[in-house]
Amino acid sequence: MRKALRWLLALTVLIGTLSTAGAATAAVPEATGTTDIKEQLLSIPGMSLIEEKPYTGYRYFVLNYTQPVDHRHPSKGTFQQRITVLHKDVSRPTVFYTGGYNVSTTPSRREPTQIVDGNQVSMEYRFFTPSRPAPADWSKLDIWQAASDQHRIFKALKKIYTRNWIATGGSKGGMTATYFERFYPHDMDGVVAYVAPNDVVNDEDSAYDRFFASVGTKECRDRLNAVQREALVRREPLEKKYQAYAAENGYTFTTVGSLDRAYEAVVLDYVWGFWQYSLLSDCDTIPADAATATDDEIWNSVDTISGFSFYTDQGLEPYTPYYYQAGTQLGAPTIHFPYIERKYVRYGYQPPRNFVPRDIPMRFRPDAMRDVDNWVTHHARHMLFVYGQNDPWGAERFRVGAGAKDAYVFTAPGLNHGANVAGLTADDKALATARILAWAGVASPAVQADASAAKPLARFDARLDVRDVEREPALRP
């Protein structure tokens with residue numbers, strides 16, 4: 001990604017780019033030469049087709065790619081990693097997306113893909129099933145190995161998609177895009193990281209306490225705090241309801257240790273979960289007087305926001321790789337609850353170790369996040385971070401320092417974990433869009449001269465352009 005800024009495009013390239021950008025949305029996807037794009041993809045060693053799905057104006061492929069379990073020792077086994085390719089045209093730039101979890105096999109287009117009107121490659125993060133080696137050596141689940149997965153995919157596909165590439169992702173996916181850039185800084189032409197947490201010092205989390213003391217309005221905070229407290233005050237009757245709910249659905253609690261631990265974990269996620277996924281206007285849905293609310297009203301509010309199924313064995317199992325990484329490299333925040341008497345809080349925010357089966361060994365490595373943070377601060381190039389003003393994850397965020405160049409951190413007013421470029425202030429939105437277009441190599445002369453002229457090159461597609469919040473666990477240390 002450390003490439004020279006392309007502020008001025010050569011005239012011949014510019015004319016070709018503009019003609020392509022102007023017609024790109026309506027164009028029929030083309031492959032290089034006369035070879036069909038599917039044949040080109042499947043000619044890559046280790047690439048195999050799972051299925052092709054139709055979508056107007058694109059070709060969409062779900063693929064498996066053979067990856068080494070250990071990139072340091074490629075001969076010691078392989079696994080199949082799922083990727084998807086939303087193919088527009090090889091003459092267009094390509095966006096490399098990961099959410100940091102499972103990959104969706106439904107055609108979708110992330111915001112930078114719409115902005116540059118490009119192709120999109122999406123990667124399933126290693127160890128999220130089915131992209132998990134068997135047997136699973138969990139020591140090979142780390143940020144460098146995952147970045148190396150992306151590097152190999154990029155090298156393989158760059159031979160087909162030869163134009164500029166931009167990495168992107170939201171939340172854990174934003175972290176993933178950042179780590180990829182840290183370890184392979186020459187691969188991408190730009191990075192757009194959405195709502196990416198940056199827990200540099202795992203044991204210092206006071207920024208989160210300050211966030212929850214001031215987010216939104218006092219009225220909304222008081223409502224949420226009161227419901228959370230009331231759910232712990234009424235622990236006995238609501239846990240009986242939880243027992244019945246678990247029995248009805250076949251839920252068990254072996255990993256977390258007990259129904260009581262699971263219940264408190266769900267309740268303590270309540271306030272965090274609200275701000276992560278809701279807006280200030282949603283405060284009207286919270287019981288106004290928790291003390292007089294019925295048990296069902298308290299239960300339903302907590303269940304809607306936190307989800308009583310989550311800390312069951314069945315709810316935790318799909319997120320084992322996430323909690324493993326949180327407990328070995330990523331870190332996990334701890335917050336305090338000054339409005340809840342200590343007698344009601346038995347466990348507090350529990351560590352990631354409690355949410356991973358005990359037969360999987362874990363050891364925390366505090367140097368991992370410090371290394372990435374230092375690199376971003378001093379060496380970021382062509383990087384753009386977007387955060388939501390009311391998103392708890394943004395309390396500890398990436399920042400760019402004097403050593404960074406053409407790198408930005410933006411905050412979307414009033415938005416949550418779904419913050420994006422479209423939600424920025426007008427000036428920030430224009431600047432962010434202009435930089436993305438420039439990094440992708442498709443900025444027009446008008447945009448190069450004046451960022452306010454920058455707009456997405458592709459029309460919004462209500463089915464294709466996913467704008468939902470990146471759903472993942474609320475922060476549960």
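Looking for whichever is open to solvent by less than 20 Å² (accessible area, probe 1.4 Å) and among the hydrophobic types (A, V, I, L, M, F, W, C) here; the options are VAL200, VAL192. Which one fits?
VAL192
How many of the residues in region 20-47 are under 29 Å from the mean Cα position of the chain (by Cα), modelled with pLDDT under 85 and either assigned to a loop (DSSP other than H, G, I, E, B) or of a type in the set (Lys, Arg) (or both)?
Residues in region 20-47 being under 29 Å from the mean Cα position of the chain (by Cα), modelled with pLDDT under 85 and either assigned to a loop (DSSP other than H, G, I, E, B) or of a type in the set (Lys, Arg) (or both): 3 in total.
Suppose we filter ASP371, ASP367 for residues that are surrounded by fewer than 20 Cβ atoms within 10 Å (Cβ to Cβ), more than 21 Å from ILE115 (Cβ to Cβ) and either touching a Ser or Thr at 6+ places or on another chain (Cβ under 6 Å) or without any contact (Cβ under 8 Å) to a residue 24 or more places away in the chain (or both); which single one remains?
None of the others qualify; the one that does is ASP367.
Could you identify the single residue in ASN420, ASN416 that is crowded, with 23+ Cβ neighbours inside 10 Å, touching an Asp or Glu at 6+ places or on another chain (Cβ under 9 Å) and of a type in the set (S, T, N, Q)?
After applying the criteria, what remains is ASN416.
Checking LEU259 against (1) closer than 23 Å to GLN350 by Cα; (2) in contact (Cβ under 8 Å) with a residue 40 or more places away in the chain; (3) among the aliphatic types (A, V, I, L, M), which single condition isn't satisfied?
Going through the list (1) closer than 23 Å to GLN350 by Cα; (2) in contact (Cβ under 8 Å) with a residue 40 or more places away in the chain; (3) among the aliphatic types (A, V, I, L, M), LEU259 breaks only (2).
Any residue in region 48-55 that is open to solvent by less than 40 Å² (accessible area, probe 1.4 Å), over 16 Å from ALA156 (Cα atoms), at pLDDT 95 or above and in contact with a strand residue (DSSP E or B) (Cβ under 7 Å, 6 or more places away or on another chain)?
Within region 48-55 (the criterion being open to solvent by less than 40 Å² (accessible area, probe 1.4 Å), over 16 Å from ALA156 (Cα atoms), at pLDDT 95 or above and in contact with a strand residue (DSSP E or B) (Cβ under 7 Å, 6 or more places away or on another chain)), the answer is no, since none of the residues qualifies.
Can we say HIS382 is open to solvent by less than 40 Å² (accessible area, probe 1.4 Å), at pLDDT 95 or above and not hydrophobic (A, V, I, L, M, F, W, C)?
So HIS382 passes the test.
Please identify the pairs in which a residue from region 107-121 that is closer than 20 Å to THR162 by Cα has its Cβ atom under 9 Å from the Cβ atom of a residue that is at pLDDT below 95 and assigned to a helix (DSSP H, G or I), counting only partners at least 6 apart or on another chain.
VAL116/ALA21; ASP117/THR20; ASP117/ALA21
Exactly one of these conditions fails for LEU280: (1) touching a residue at least 60 places away in the same chain (Cβ under 8 Å); (2) open to solvent by 60 Å² or more (accessible area, probe 1.4 Å); (3) farther than 29 Å from GLY388 by Cα; (4) not polar (S, T, N, Q). Give me its number.
That leaves (3) as the condition not met.
Filter region 432-455 down to the residues that are open to solvent by 60 Å² or more (accessible area, probe 1.4 Å) and either within 23 Å of VAL195 (Cβ to Cβ) or among the basic types (Lys, Arg) (or both) and list them by number.
LYS455
(1) open to solvent by less than 60 Å² (accessible area, probe 1.4 Å); (2) closer than 30 Å to SER278 by Cβ; (3) not in a loop (DSSP other than H, G, I, E, B): which one isn't true of ASP222, the others all being true?
(1)
When you check LYS405 against the structure, is it modelled with pLDDT of 95 or more, open to solvent by 20 Å² or more (accessible area, probe 1.4 Å), closer than 29 Å to TYR251 by Cβ and out of contact with any helix residue (DSSP H, G or I) (no Cβ under 6 Å at 6 or more places or on another chain), yes or no?
No: the conditions fail for LYS405.
Within the set of pairs 6 or more residues apart or between chains, which connect a residue that is in a helix (DSSP H, G or I) inside region 340-360 to a residue that is aromatic (Phe, Trp, Tyr) with Cβ atoms less than 6 Å apart?
PRO352/TYR323; PHE355/TYR323
Just one of ALA231, ALA207, ALA213 is farther than 30 Å from HIS71 by Cβ, of a type outside the set (D, E, K, R), touching a helix residue (DSSP H, G or I) at 6+ places or on another chain (Cβ under 7 Å) and surrounded by fewer than 20 Cβ atoms within 10 Å (Cβ to Cβ); which is it?
ALA207
Return the residues of region 289-309 that are surrounded by 13 or more Cβ atoms within 10 Å (Cβ to Cβ) and farther than 22 Å from GLY250 by Cα; say none if nothing qualifies.
ALA290, ALA293, ASP295, GLU297, ILE298, SER301
For GLY77, are the conditions met, namely being open to solvent by 10 Å² or more (accessible area, probe 1.4 Å), in contact (Cβ under 8 Å) with a residue 12 or more places away in the chain and touching a Pro at 6+ places or on another chain (Cβ under 8 Å)?
Criteria met by GLY77.
The values are calculated or read from the model by the stated rules, or taken from the named source; none is laboratory data. Computed from a predicted model, the values in this text were never measured in an experiment. Backbone-built Cβ (ideal geometry, glycine too); neighbour counts: all protein chains shown. Accessible surface is based on the protein model in full, side chains and every heavy atom, while ligands, DNA and RNA are left aside. Shrake-Rupley method; radii C 1.70, N 1.55, O 1.52, S 1.80 Å.
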